[in-house]
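What follows is calculated from the coordinates using simple rules that are stated; it is not laboratory data. Note that the structure is a prediction, hence the values are computed from the model and not measured. Here the Cβ positions follow ideal geometry from the backbone for every residue, glycine too, while neighbour counts run over all protein chains shown.
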Amino acid sequence: MELEDLNNDRQLFKSQPHLWVEQYADYLYSYAFTRLNNDELSRDLVKETFLAALEKVGTFNGDSTERTWLIAIMRHKIIDVYRKRTSNGISRFESLEAETQQKIFFDPDNGHWNPPYYPQLLGVEDHDPLNNKELAGVLERCLKKLPPQWFSVFTLKHVDDQKTEMICKALKISAGNFWVIMHRAKLNLRECLQRHWL
């Protein structure tokens, strides 16, 4: 392909800010709300994403779709929110307590649940229980009950499927803190789901 043809193709993909609200606002809001569980903050992040994108519109070169580019901007803003929420670290006492709980709940040899603490079945016949709207609603309410730091770590890991190293770096936490938080978040979610779903 000639360089001129490549430049012409890229011009077709140049950003069109006048269409952003119509084309992307709902998707961006949904993306933010799924990760923050906060209506007002999600709306604010959509606006902030559009403003940041307007400032950087000259750097958009069409290597990705416009929506992907906007999501990347929003993702950084969400991580900033998580970072602000998680500014408190975990004390040495909390870390030792989590290690003790880990040994109580899980078999140290294989990582499986110890029999007295094995999770109860959720009672969902569907092969994909997350498709069940009632269960999804209960899970959403349970997630909202998590402390902000736990919610941030859990969401980055299990909603955004981010690597542990990236989460630790983005939230400025140690790997030990990450595992303590994940352990506690999972135990709390399990208890909440069993209390409100079963």
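Summary of computed values
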read-out	value
Per-pair calculated FRET efficiency, R0 = 25 Å: D161 and E22 via Cβ, rounded to 0.05	0.30
Computed lengthening from R43 to L187, 0.36 nm per intervening residue step minus Cα-Cα distance	48.8 nm
Set of lysines with alpha-carbon distance to K163 below 22 Å, sequence-local pairs under 8 removed	K77, K84, K172, K186
Peptide ranges 161-168, 179-186 listed from the most packed, as the mean C-beta count within 10 angstrom indicates	179-186, 161-168
Inter-label distance, nm, simple model (7 Å from Cα along the C-beta direction), S30/R67	0.8
